[in-house]
Amino acid sequence: MGLEYAGGIGRWQDPAIGRNGSSPEDGVSENGSSDGVEKVLIIGSGPAGWTAAIYAARASLDPVVYVGVPKQDPGPVLPGGQLMLTTEVENYPGFPEGVQGPEMMMKFEEQAKRFGTRVIGEDITECDFSTDGSPHTLRTSGGQTVRAHAVIISTGATANWLGLENEMRLAQTGGGVSACAVCDGALPAFRDQHVAVVGGGDTAMEEATYLTKFASKVSVIHRRDELRASKVMQERFLSKPNAEVLWNKTVVDVHGEEKISGVRLKDTVTGEEADLGVKGLFVAIGHTPATKFIRDTGLEFDDAGYLELKTRSSATNIQGVFGAGDVSDAQYRQAVTAAGMGCQAALDAEHYLGAKGLA
Ligand code: NDP
């Protein structure tokens with residue numbers, strides 16, 4: 001993109017202007033601790049990361065957050081996480097009128113900074129957790145090495161997209177394409193409208209069932225003649241009077257300038273193409289947790305690649321490494337649950353550091 005994150009969501013600057021996009025007014029210092037080892041280093045800047053930062057900062061743990069750099073992977077990945085790609089958030093408590101996703105993330109960040117959180121506009125690209133409890137060593141995208149007693153991994157998960165140009169454009173501009181029906185499905189734009197869900201798994205069924213409450217008709221578009229979803233979830237959806245499945249179809253294009261007006265479908269058996277007029281498209285073809293950079297560190301993952309946590313704790317199998325938010329949660333994936341997990345991780349880190357005489 002040629003621009004770097006400058007310690008404030010929506011603030012991008014030329015990399016030549018300042019290392020790490022930091023500046024004194026952002027409260028960013030070159031090194032946050034007297035012994036050169038961070039007490040708490042947080043990777044990721046969604047609701048989990050910022051909440052962990054707020055709690056850690058208020059506990060005088062002087063946290064630093066690596067917010068990441070914007071990239072395409074294959075859809076857009078931004079500091080601030082998935083909420084940066086959402087328009088209105090209506091289900092986060094405390095915002096009775098709703099709030100725009102990016103604005104909410106800016107407020108999270110402001111709150112974390114208010115208590116002295118330092119913010120670095122880089123990715124963590126490599127982690128060495130081999131010492132299992134002694135300071136961990138991490139490498140940044142800027143080529144630096146940092147050490148931290150406690151590391152909170154809150155890098156989130158990214159929704160998988162079809163990868164169509166018009167799909168990505170309308171998703172980024174609030175044009176009626178979304179990867180989260182629970183986040184966006186109840187918005188007025190979709191009420192009493194015909195909408196479509198792509199995918200045949202449990203997520204697609206769950207999202208499609210949820211949408212039947214608001215939309216006049218919900219068409220699930222699936223590329224095969226058999227759903228992958230569990231029987232119970234299939235039946236829950238198919239029992240709705242406004243539900244249908246379009247079998248053996250893939251979406252090959254999305255129509256509409258500012259708002260979606262329809263999709264182009266291709267039959268996977270006959271190859272025939274036809275248009276379907278819809279006012280919303282929900283892509284539910286799975287998520288990918290952002291764990292690539294920690295795959296070979298000795299951390300444990302579940303079969304789908306999510307970071308494995310101990311029951312009712314943010315602790316991983318490695319001492320001093322904690323997980324929070326969607327990177328370790330395939331099930332709920334909500335902003336409010338991620339924030340709660342960020343809180344848990346900061347409290348667990350505080351407890352861990354306290355036991356080592358470092359808090
Ligand atoms: P899944 O991987 O289970 O399903 C993804 C679906 O998307 C599949 O039907 C797949 O088709 C389809 N798909 C993948 N790529 C494409 C593509 N490029 N174009 C068109 N279709 C595509 O992911 P889910 O998110 O549904 O579920 C993930 C896990 O979470 C599962 O274990 C699931 O059981 C669990 N889950 C549980 C829930 C619950 O119990 N309440 C709710 C939601 C999820 P195909 O079938 O042909 O491969």
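The values are calculated or read from the model by the stated rules, or taken from the named source; none is laboratory data. Bear in mind that the values here come from a model prediction, so they are computed numbers and not experimental data. As a convention, Cβ positions derive from the backbone with ideal geometry for all residues, glycine included, and neighbour counts pool all protein chains shown.
Structure data summary
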item: Enumeration of residues in segment 53-91 that are of a type in the set (Val, Ile, Thr) and not in a loop (DSSP other than H, G, I, E, B); result: 54, 64, 65, 77, 89
item: Residue tally, condition assigned to a helix (DSSP H, G or I), over 19 Å from the mean Cα position of the chain (by Cα) and either within 16 Å of the ligand (Cβ to nearest atom) or small (Gly, Ala, Ser) (or both), over segment 180-201; result: 1
item: Segment 211-223, residues that are more than 17 Å from residue 274 (Cα to Cα) and either within 11 Å of the ligand (Cβ to nearest atom) or crowded, with 21+ Cβ neighbours inside 10 Å (or both); result: 211, 215, 218
item: Test: residue in segment 315-326 that is crowded, with 17+ Cβ neighbours inside 10 Å, under 21 Å from residue 210 (Cα atoms) and either away from the ligand (no atom under 12 Å from the Cβ) or in contact (Cβ under 8 Å) with a residue 40 or more places away in the chain (or both); result: yes
item: Residue count for segment 172-184, restricted to those that are modelled with pLDDT of 90 or more and either surrounded by fewer than 24 Cβ atoms within 10 Å (Cβ to Cβ) or assigned by TED's automatic domain parsing to the domain that holds residue 338 (or both); result: 1
item: Selected residue (criterion: farthest from residue 187 (Cα to Cα)) from residues of segment 248-264 that are surrounded by 15 or more Cβ atoms within 10 Å (Cβ to Cβ) and either within 11 Å of the ligand (Cβ to nearest atom) or hydroxyl-bearing (Ser, Thr, Tyr) (or both); result: 248
item: Qualifying positions in segment 270-290 - of a type in the set (Val, Ile, Thr) and either away from the ligand (no atom under 15 Å from the Cβ) or without any contact (Cβ under 8 Å) to a residue 40 or more places away in the chain (or both); result: 270, 278
item: Residue within segment 112-119 that is assigned to a loop (DSSP other than H, G, I, E, B) and more than 20 Å from residue 57 (Cα to Cα) present; result: no
item: Test: residue in segment 301-318 that is closer than 24 Å to residue 123 by Cβ, touching a helix residue (DSSP H, G or I) at 6+ places or on another chain (Cβ under 9 Å) and part of a helix (DSSP H, G or I); result: no
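The rows are residues; the columns are (1) more than 19 Å from residue 152 (Cα to Cα); (2) part of a loop (DSSP other than H, G, I, E, B); (3) in contact with a helix residue (DSSP H, G or I) (Cβ under 7 Å, 6 or more places away or on another chain).
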{"residue": "223", "(1), (2), (3)": "yes, yes, no"}
{"residue": "232", "(1), (2), (3)": "yes, no, no"}
{"residue": "235", "(1), (2), (3)": "yes, no, no"}
{"residue": "244", "(1), (2), (3)": "yes, no, no"}
{"residue": "251", "(1), (2), (3)": "yes, no, no"}
{"residue": "275", "(1), (2), (3)": "yes, no, no"}
{"residue": "293", "(1), (2), (3)": "no, no, no"}
